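Novice: The structure is given below, and queries will be raised subsequently.
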Amino acid sequence: MHWHAYYWAGTGTDRANEAERRTSSPDFATSPLPPMRTGDWLAKPTSRITASFDQVDAAIAWLAGEYGKIRSALLRPERIPPEDRLEHARDLLPRGVDVQWGEWLQGGRFATVGMICCPNRHVSHPCPMR
C-alpha cells in the first residue's frame, strides 16, 4: 500500500455543486472540487496529486505541514488538537483507512487536506500513478 496526498481550498459554497463531485458527472475529472467520496480522488487526473508516499511517517509529516499552513486561518477554534489528528492518522493509514480533514476558513473559504490509500478498499479505481 501507498498513499496519495490531495489538497483543495476554495469558496465553501462551491462544495454545494454535488454533480461535479460525483464520478458519474462528465465534468468530474476536470472539476477542481473535492469528490464526495474520499477514494474517488484516485479517479482525478494525476496532476491533482500533491505528493505520494510509500512510508507512513512521510505521509503524516505532509498532513502535519499542510494542516499547519491553514491552521491560523481556521474560522472556529480547533475541536480536535493537531496531535490527536496526527495520532489517529498514524493509526488509520496503515490499516487502509483514508484520512481527510475538511475545515472552514475565514472569509467563507473551505480547505480539504487528504491522504488517500492506494489501492483503496472502498473504490476500485486503479492507481493514478502506476
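Novice: What 222 nm value per residue comes from the helices of the chain, counting each DSSP H run with n ≥ 4 as -39,500 (n - 2.57) and dividing by all residues, nearest 500 deg cm²/dmol?
Specialist: Working: 2 runs with 26 residues, N = 130.
Calculated at 222 nm, the ellipticity per residue is -6500 deg cm²/dmol.
Novice: Please get the size of the charge dipole for the chain, origin at its Cα centre, with Cβ charges of +1 on Lys and Arg and -1 on Asp and Glu, quoted in debye to the nearest 20. Present the calculation step by step, with values, prior to reporting the outcome.
Specialist: Working: 16 positive and 15 negative charges, 38 e Å.
With Lys and Arg at +1 and Asp and Glu at -1, about 180 debye.
Novice: Determine the equivalent ellipsoid of the chain by diagonalising the alpha-carbon gyration tensor, then write out the semi-axes as square roots of 5 times the eigenvalues, largest first, rounded to whole Å. Before the final figure, lay out the partial values.
Specialist: Details: eigenvalues 94, 85, 25 Å².
For the chain, the ellipsoid semi-axes come out as 22, 21, 11 Å.
Novice: Could you order the peptides 117-126, 70-79 from most to least packed, using the average number of other C-beta atoms within 10 Å per residue? Walk me through the numbers on the way to the answer.
Specialist: On the way: 117-126: 16.0, 70-79: 11.3.
Ranked by mean Cβ neighbours within 10 Å, highest first: 117-126, 70-79.
Novice: Applying the Karplus parametrisation 6.51 cos²θ - 1.76 cosθ + 1.60 with θ = phi - 60° to the phi angles of the range 23-37, what ³J(HN,Hα) value in whole Hz is obtained for each residue in order, glycine and proline being reported as x?
Specialist: Result, rounded to whole Hz: 4, 6, 7, x, 8, 3, 5, 8, 6, x, 5, x, x, 5, 9.
Novice: Relative contact order (percent) for the range 1-122, with alpha-carbon contacts under 8 angstrom and 6 or more residues of separation? Please report the intermediate quantities before stating the final value.
Specialist: Details: 189 pairs, mean separation 48.2, N = 122.
Relative contact order, the range 1-122: 39 percent.
Novice: Distance in nm between label sites at HIS122 and SER47, each 7 Å beyond Cα in the beta-carbon direction?
Specialist: Distance between label points: 2.7 nm.
Novice: Let me ask something else about it. Rounded to a whole number, what % of the accessible area of the chain do carbon and sulfur atoms account for, probe 1.4 Å?
Specialist: Values: 3580 of 7020 Å².
Using a 1.4 Å probe with all protein chains present, the chain comes out at 51 percent carbon and sulfur.
The values are calculated or read from the model by the stated rules, or taken from the named source; none is laboratory data. Here the structure is a predicted model, which means the values were calculated and not measured. Reconstructed Cβ throughout: ideal geometry from the backbone, glycine too, with neighbour counts over all protein chains shown. Surface accessibility is based on the protein's heavy atoms, side chains included, excluding ligands, DNA and RNA. Shrake-Rupley method; radii C 1.70, N 1.55, O 1.52, S 1.80 Å.
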